[in-house]
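Here is the structure we will look at.
The values are calculated or read from the model by the stated rules, or taken from the named source; none is laboratory data. This structure is a prediction, so every number in the text was calculated from the model and none was measured. Cβ placement follows ideal geometry from the backbone for every residue including glycine, while neighbour counts extend to all protein chains displayed. Ligands, DNA and RNA are stripped out before the accessible areas are found, and what is left, the full protein with its side chains, is counted by its heavy atoms. Shrake-Rupley method; radii C 1.70, N 1.55, O 1.52, S 1.80 Å.
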Amino acid sequence: MEEGRAERRRRTEALSHPQGGTRRAGVMTDVHRRFLQLLMTHGVLEEWDVRRLQKHCYRVHDRTGAVEELEDFINNINSVLESLYIEIKKGATEDDGRPVYALVNLATTSVSKMASDFAENELDLFRKALELIIDSDTGFASSTNILNLVDQLKGKKMRKKEAEQVLQKFVQNKWLIEKEGEFTLHSRAILEMEQYIRETYPDAVKICNICHSLLIQGQSCETCGIRMHLPCVAKYFQPSSEPRCPHCNDYWPHEIPEVFDPEKEREAGPSKVSKRSLRSRQH
């Protein structure tokens with residue numbers, strides 16, 4: 001864990017002196033650096049929290065300055081991060097399409113990027129869980145199936161009780177989500193590991209027919225088998241009274257979820273956000 005914190009400090013300090021001929025859209029101020037430090041600490045945040053974090057950084061370092069548009073603010077930081085092969089990447093939760101932001105290491109794509117926070121046998125447990133999740137039709141792996149693989153782990157022996165605690169560490173660090181005894185990938189893991197998953201599991205990986213991104217959870221056509229993220233299903237079929245598969249035109253038999261509405265989210269206020277953060281979901 002100490003190594004992980006030291007690595008985050010090293011990256012932040014490096015931003016004060018970016019190397020090489022980086023194409024820069026602007027200059028990193030104390031506002032940008034504070035924002036980046038806090039985002040590193042969280043790993044991944046919903047857009048609502050990212051906007052609050054940005055305003056907080058302005059209040060601390062530049063009370064009189066106008067708050068930059070979030071997209072421009074992020075692009076400015078990314079232009080400086082480019083030489084460090086790091087990027088603040090925007091994605092969406094798979095269950096309801098909430099926008100999220102994560103700090104992604106572009107230079108390292110494998111599970112080894114977690115090595116500063118986890119031991120060898122713990123990383124191997126994550127790999128086992130990841131493989132079960134990717135191979136499943138639902139995008140979930142039961143804790144029982146994961147724990148049954150403990151005897152196959154590399155490195156130091158691990159008891160099932162220890163493995164249960166390690167799985168909770170993955171949840172706390174926003175690599176996995178637990179729902180009713182089953183585990184799936186957190187949006188942080190999907191954003192950071194998409195390329196690795198595509199390359200490592202080419203025969204098992206699932207791709208959304210609409211956005212063409214990696215798909216872990218979603219719906220599939222019972223006729224032709226194409227898959228779609230739930231938020232993509234919601235947007236694609238929103239105006240349709242009789243939804244049909246975009247590939248084979250057969251009737252789409254699944255329930256159509258609601259489209260995420262950021263305006264309703266803002267009207268709900270911070271109380272809803274704080275309650276949501278207590279639940280096991282991608283945020």
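Could you provide, to the nearest whole Å², the per residue accessible area of region 30-84 with probe 1.4 Å? Computed with neighbouring chains in place, this is 50 Å² per residue. Note on region 32-119: Cα-only Rg and Dmax are 14.0, 46 Å.
Solvent-accessible surface (1.4 Å probe) assigned to D95 amounts to roughly 40 Å². Surface analysis of region 108-203 yields an accessible area of 49 Å² per residue, using protein heavy atoms and a 1.4 Å probe. Partner lysines whose Cα lies under 16 Å from the Cα of K89, excluding those fewer than 8 positions away in the same chain, are identified as K174.
Take W175: with every protein chain present and a 1.4 Å probe, its accessible area is about 10 Å². Note on N75 and V259: the extension gain reaches 63.6 nm, defined as 0.36 nm multiplied by sequence separation minus the Cα-Cα distance.
For S213 and Q37, a Förster radius of 30 Å and the Cβ-Cβ distance give a FRET efficiency of 0.60, rounded to the nearest 0.05. Under the combined filter of DSSP loop state and at most 14 neighbouring Cβ atoms within 10 Å, region 160-206 retains these GluC sites (Glu not before Pro): E180.
Accessible surface for T223 stands near 90 Å², nearest 10, in the context of the full protein assembly shown (1.4 Å probe). Database remark: amide H of I207 closer than 5 angstrom to the amide H of L215 (H placed geometrically; neighbours at sequence offset of 5 or more, or on other chains; Pro and chain starts carry no H).
Sparsely packed loop sites in region 75-169 (the chymotrypsin sites (Phe, Trp or Tyr not before Pro) outside DSSP H, G, I, E and B with at most 11 other Cβ atoms within 10 Å) comprise Y85.
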